[in-house]
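The values are calculated or read from the model by the stated rules, or taken from the named source; none is laboratory data. These numbers were taken from a predicted model, which means no experiment stands behind them. Cβ placement follows ideal geometry from the backbone for every residue including glycine, while neighbour counts extend to all protein chains displayed. Just so you know, the surface numbers come from the protein's heavy atoms only, side chains and all, with ligands and any DNA or RNA stripped out. Shrake-Rupley method; radii C 1.70, N 1.55, O 1.52, S 1.80 Å.
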There are 2 protein chains.
Amino acid sequence: MERHNYGVIGLGVMGRNLLYNIADNGFSVAGFDLDVEKVKELHAGATPGTTVLGTASLEDFVSALETPRKIILMVPAGKPVDAVLGSITPLLSKGDIVIDAGNSYFKDTDRRIAELASKDLHFMGMGVSGGEQGARRGPSIMPGGDLQAFNHLQPMLEAISAKVDGEACTAYMGKGSAGNYVKMVHNGIEYAIMQLISEAYDLLRKGANLNNDQLYQVFKTWNEGEMNSFLIEITRDIFQQKDDLTDGYLVDQILDKAGAKGTGKWTSEQAMEIGVSIPTIDIAVTSRILSAYKDERVQASQLYSKNEISTPENTELFIKEVGDALYLATLISYAQGLALLVKASEEYKFEIPLKDVVKIWRGGCIIRSVLLEKFYQAYSKDKNLSNILLDKAISEIVKDKISSLRKTAAFAASNGISGLGIQTTLGYFDAYTTESLPVNLIQAQRDYFGAHTYQRIDREGVFHTSWKTSNN
Amino acid sequence: MERHNYGVIGLGVMGRNLLYNIADNGFSVAGFDLDVEKVKELHAGATPGTTVLGTASLEDFVSALETPRKIILMVPAGKPVDAVLGSITPLLSKGDIVIDAGNSYFKDTDRRIAELASKDLHFMGMGVSGGEQGARRGPSIMPGGDLQAFNHLQPMLEAISAKVDGEACTAYMGKGSAGNYVKMVHNGIEYAIMQLISEAYDLLRKGANLNNDQLYQVFKTWNEGEMNSFLIEITRDIFQQKDDLTDGYLVDQILDKAGAKGTGKWTSEQAMEIGVSIPTIDIAVTSRILSAYKDERVQASQLYSKNEISTPENTELFIKEVGDALYLATLISYAQGLALLVKASEEYKFEIPLKDVVKIWRGGCIIRSVLLEKFYQAYSKDKNLSNILLDKAISEIVKDKISSLRKTAAFAASNGISGLGIQTTLGYFDAYTTESLPVNLIQAQRDYFGAHTYQRIDREGVFHTSWKTSNN
């Protein structure tokens, strides 16, 4: 029997599409899934002329692969990954490579790397972003782990990934579970940007009374300029989608309760764990949580009637300001996520090449955007930049847009339109760019009631004061 | 030898003060610490006429206690607690009670309850708040766990705790690790309020150019009215404290880098874990993290020069608005923390009596405030209130202050003074009181790129759409 170049386990829509993508690029691929229907249908969906084999058992699957075997897992994170590893590792040979392409938690990946290493097998965590279409036509791919194992995969990954200016949207993301970590932060940034876009939408529909046709035009225009990005593009399309079940637009019929699959939450927890401030991502996570409390929100909305909104006098100007605010808040969300990667790289010794991260995010993935090109330039000048807000060229963009972010945040605050993401992002920016925060008072309070001590601005050391109570 | 009523292990300042407090109330107490100096000094610090015994070994300590033994641990959370338990449990008898009065993580307490139960011993988690002075003169005490064990302790706890209108600031907080959980959330709320006070301070010093004497007067006035609370009171005092090492006020010499001991972070992580939105607490945690990046902040402040601040025309009015904003944002911080307790009580089957929580927080603890009396009234009317913002009487307070919160948030946004806590709190309020959030768009986006499906407002079910790309 002919041996296949690659194997894919898990033939759900993402796994199947990734498999077809690999096959389309001239590699032969065997697939396996516990669901026999998915195995049966596999061959029929392949591009004619490509070599795709559905296998009915793990034994057949493993036998169908050339060695060292290169097996991609696309199964749900958590127990399913361990279950597959438990079944398949006894069938593998020294030097085989297992690549987890799902959204696994990075600490699980570290554990699995050690477990498989003890059996002379390679295990890699690899982030894949781009949704169903991306998996099929060219995703952004974030592999990390053993460098030798990566070298085996590199030609295939470069072939199947998205391309920007002829450059593949994949690169080695670092040691250990760096691939999963980078993907996790990608998703955290994705949460933040989606939250910000939804707030811009709310400001435009409630603040400036724009209808869906007008919103379509606004997002179309935004997507044609400096805000060009995947998420702006699909938002444009969403406003044009008619509902099949009623007369109106579909977006107006969708319930305002957001789901979440956990990667945003992991990002926030990680940032708290290792001490990085990413409030726009945090707020996006908590905002989805809040959205689920629909019954309470309805009850509260009846108790607290909203003020009349003071519609802006100049609609065109308002739209421009909201757009600039969205652009800048998006930029600051990337800044937070990238700062988390810088710290994580240190903390976990990942050695993440930030320059490559923003380079491969330029295409294929959900947060692709023309902004990434500017970040790429920033890291090209200084690969150790701790926060992209500290780059000179980036700072010029920020200065150009900051007054719009201020006006938009103040408009939301004044008019009772929740701008959680926009307001929080501005608060972060103002805190980050402030030499003297009022945190001296917090340290005084902590020392007052808990003797937690404080540092001084004028000399070294740790101090404690017996604070006097005035009691008057 | 006479047997003592209580034992305390860990004679640091908190443990020693709690021990003296118990002795002052007519109970005999034995103490133990690995540090022999602390044991030696113990007796000398006790109130004359009270029965206090320092013991030189765990064996002596255990022998000195009447049965069932009631042993309070006041040692650092984590491994030290397990170390003490490992040493002491072999020396104990069936039915003895060990009470962990430190800030232990609630899941550790659940584990220890099970471990000690297997040895026929009772283990309880008990939150104690009030700092050094509180421990000595009357803290707020939050015990939870085995109800029978609690009954043994109740008379002592009621004797040593703070009193408000003759009522003791202690009550049974619920099953399992409820005592630790309530204390954790107490600390989360404490983080939020401290953050908000620090922002009010920043707005007054930078926005209205108030000096420390004027700040003292403002906080003094605030503390005499509806804002009366421990944290406002000590803030007042802080502005009067002269520096021993220079000519000025101490607060101006303290470095603006805040420390943290983890309970705020745990609160945020828990809220994400069980799906409750507490953004003011989250932002307080992340704000302390951000404060630690002093070098970056200095660098950023040089790159981004601040705008001139447009000082308000009417200083008196501005101070009033900032005060009202602080009052309301503080109220909403409690609302978030209490909503977390409601959900946690369900999730972990704690059966936390919310009415008793706010009752015992009225005195002794760091977040004591006259506001708690209003919450107590709210829960007296409806003990199942899911969020105190839904109480009619509370809503009248909110409506009275909301325009000040809006103006203050807008002022911070417009003038580049970071109002992270104030802005986020307003954003939370506006989202919580909004029937239709723009989250329908987020669900549309998720369905567009990831086929994550959505619900509709007009019919039951779960839907997926093949979204059209306009590509024009």
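Can you say whether residue B:73 is touching a residue at least 12 places away in the same chain (Cβ under 8 Å) and on the phi < 0 side of the Ramachandran plot, as far as the supplied structure shows?
Taking the combined requirement at face value, the residue satisfies it.
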Only one of B:344, B:300, B:378 is more than 26 Å from residue A:449 (Cβ to Cβ) and in contact with a Phe, Trp or Tyr (Cβ under 7 Å, 6 or more places away or on another chain); which?
B:300
With respect to the numbered conditions (1) over 19 Å from residue A:219 (Cβ atoms); (2) within 13 Å of another protein chain (Cβ to nearest Cβ); (3) modelled with pLDDT of 95 or more, which one is the sole condition not fulfilled by residue A:357?
(2)
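Taking region B:364-378 as the region of interest, how many residues are surrounded by fewer than 21 Cβ atoms within 10 Å (Cβ to Cβ) and not in a loop (DSSP other than H, G, I, E, B)?
Going residue by residue through region B:364-378, those that are surrounded by fewer than 21 Cβ atoms within 10 Å (Cβ to Cβ) are B:370, B:373-374, B:376-377.
Subset that is not in a loop (DSSP other than H, G, I, E, B): B:373-374, B:376-377.
Counting residues in region B:364-378 that are surrounded by fewer than 21 Cβ atoms within 10 Å (Cβ to Cβ) and not in a loop (DSSP other than H, G, I, E, B) gives 4.
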Can you work out which of the residues in region A:1-32 that are within 14 Å of chain B (Cβ to nearest Cβ) and open to solvent by 10 Å² or more (accessible area, probe 1.4 Å) is farthest from residue A:136 (Cα to Cα)?
A:12
Take residue B:268 and decide whether it is in contact with an Asp or Glu (Cβ under 7 Å, 6 or more places away or on another chain) and in the same structural domain as residue B:190 (by TED's automatic domain parsing).
yes
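Take the residues in region A:205-251 that are among the aliphatic types (A, V, I, L, M) and more than 9 Å from every other protein chain (Cβ to nearest Cβ), then tell me which one is nearest to residue B:464 (Cα to Cα). Spell out the reasoning first.
Looking only at region A:205-251, we keep the residues that are among the aliphatic types (A, V, I, L, M), and these are A:208, A:210, A:215, A:218, A:227, A:231-232, A:234, A:238, A:245, A:250-251.
From what's left, more than 9 Å from every other protein chain (Cβ to nearest Cβ): A:208, A:210, A:215, A:218, A:227, A:232.
Details: A:208: 30, A:210: 26, A:215: 22, A:218: 25, A:227: 28, A:232: 20 Å.
Within region A:205-251, the match that is nearest to residue B:464 (Cα to Cα) is A:232.
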Based on what the data block shows, is residue B:317 part of a helix (DSSP H, G or I), without any contact (Cβ under 8 Å) to a residue 12 or more places away in the chain and within 9 Å of chain A (Cβ to nearest Cβ)?
no
What number of residues within region A:303-313 satisfy the criterion of being over 22 Å from residue B:389 (Cα atoms) and either touching a helix residue (DSSP H, G or I) at 6+ places or on another chain (Cβ under 6 Å) or open to solvent by less than 80 Å² (accessible area, probe 1.4 Å) (or both)?
4
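Would you call residue A:453 open to solvent by 30 Å² or more (accessible area, probe 1.4 Å), more than 7 Å from chain B (Cβ to nearest Cβ) and touching a helix residue (DSSP H, G or I) at 6+ places or on another chain (Cβ under 8 Å)? Please lay out each step first, then the result.
Working: open to solvent by 30 Å² or more (accessible area, probe 1.4 Å): yes; more than 7 Å from chain B (Cβ to nearest Cβ): yes; touching a helix residue (DSSP H, G or I) at 6+ places or on another chain (Cβ under 8 Å): yes.
So residue A:453 fits the description; yes.
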Any idea which of (1) buried (at least 18 other Cβ atoms within 10 Å of the Cβ); (2) in the same structural domain as residue B:371 (by TED's automatic domain parsing) is the one residue B:403 doesn't satisfy?
(1)
In region B:11-35, anything out of contact with any strand residue (DSSP E or B) (no Cβ under 9 Å at 6 or more places or on another chain) and in a helix (DSSP H, G or I) is listed as B:13, B:17, B:21, B:24
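Listed here are the residues, each with its yes/no results for (1) more than 22 Å from residue A:321 (Cα to Cα); (2) of a type in the set (Gly, Ala, Ser); (3) in contact with a Ser or Thr (Cβ under 7 Å, 6 or more places away or on another chain).
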| position | (1), (2), (3) |
| --- | --- |
| A:347 | yes, no, no |
| A:356 | yes, no, no |
| A:361 | yes, no, yes |
| A:378 | yes, yes, no |
| A:400 | no, no, no |
| A:406 | no, no, yes |
Kindly indicate the residue of region A:252-277 that is touching a residue at least 60 places away in the same chain (Cβ under 8 Å), under 17 Å from the mean Cα position of the chain (by Cα) and facing chain B (nearest Cβ under 7 Å) and also farthest from residue B:289 (Cα to Cα) among those meeting that condition.
A:268
Do we have residue B:359 as in the same structural domain as residue B:197 (by TED's automatic domain parsing), open to solvent by less than 30 Å² (accessible area, probe 1.4 Å) and in a helix (DSSP H, G or I) here?
no
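Is it true that residue B:172 is assigned to a loop (DSSP other than H, G, I, E, B), touching a Leu at 6+ places or on another chain (Cβ under 8 Å) and away from chain A (no Cβ under 12 Å)?
Values: assigned to a loop (DSSP other than H, G, I, E, B): yes; touching a Leu at 6+ places or on another chain (Cβ under 8 Å): yes; away from chain A (no Cβ under 12 Å): yes.
Answer is yes for this residue.
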With the structure loaded, tell me whether residue B:385 is at negative phi, hydrophobic (A, V, I, L, M, F, W, C), surrounded by 24 or more Cβ atoms within 10 Å (Cβ to Cβ) and in contact (Cβ under 8 Å) with a residue 24 or more places away in the chain or whether it fails that test.
no
So, of the residues in region A:279-291 that are more than 7 Å from chain B (Cβ to nearest Cβ) and hydrophobic (A, V, I, L, M, F, W, C), which turns out to be farthest from the chain's Cα centre (by Cα)?
A:284
Would you mind telling me which numbered condition in (1) farther than 26 Å from residue A:414 by Cβ; (2) within 8 Å of chain B (Cβ to nearest Cβ); (3) of a type in the set (D, E, K, R) residue A:297 fails?
(1)
Of the numbered conditions (1) open to solvent by 20 Å² or more (accessible area, probe 1.4 Å); (2) more than 11 Å from every other protein chain (Cβ to nearest Cβ); (3) part of a helix (DSSP H, G or I), residue B:338 satisfies every one except a single condition; which is it?
(1)
Within region B:255-272, is even one residue in contact with a strand residue (DSSP E or B) (Cβ under 7 Å, 6 or more places away or on another chain) and crowded, with 19+ Cβ neighbours inside 10 Å?
no
In the same structural domain as residue B:202 (by TED's automatic domain parsing), open to solvent by less than 10 Å² (accessible area, probe 1.4 Å), in contact with a strand residue (DSSP E or B) (Cβ under 7 Å, 6 or more places away or on another chain) and β-branched (Val, Ile, Thr), is that true of residue B:234?
no
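One line per residue, one yes/no per condition, for (1) open to solvent by less than 10 Å² (accessible area, probe 1.4 Å); (2) more than 20 Å from the chain's Cα centre (by Cα); (3) closer than 29 Å to residue B:280 by Cβ:
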site	(1), (2), (3)
B:153	yes, yes, no
B:168	no, no, no
B:174	yes, no, yes
B:178	yes, no, yes
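For region B:406-427, which positions are facing chain A (nearest Cβ under 7 Å) and either open to solvent by less than 10 Å² (accessible area, probe 1.4 Å) or part of a loop (DSSP other than H, G, I, E, B) (or both)? Walk me through it before giving the result.
Taking region B:406-427 first, the residues facing chain A (nearest Cβ under 7 Å) are B:406, B:409-410, B:413-414, B:416-420, B:423-424, B:426-427.
Answer for region B:406-427, where residues must be facing chain A (nearest Cβ under 7 Å) and either open to solvent by less than 10 Å² (accessible area, probe 1.4 Å) or part of a loop (DSSP other than H, G, I, E, B) (or both): B:409, B:413, B:416, B:417, B:418, B:419, B:420, B:423, B:424, B:426, B:427.
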Would region B:417-433 turn up any residue that is touching a strand residue (DSSP E or B) at 6+ places or on another chain (Cβ under 9 Å) and at pLDDT 95 or above?
no
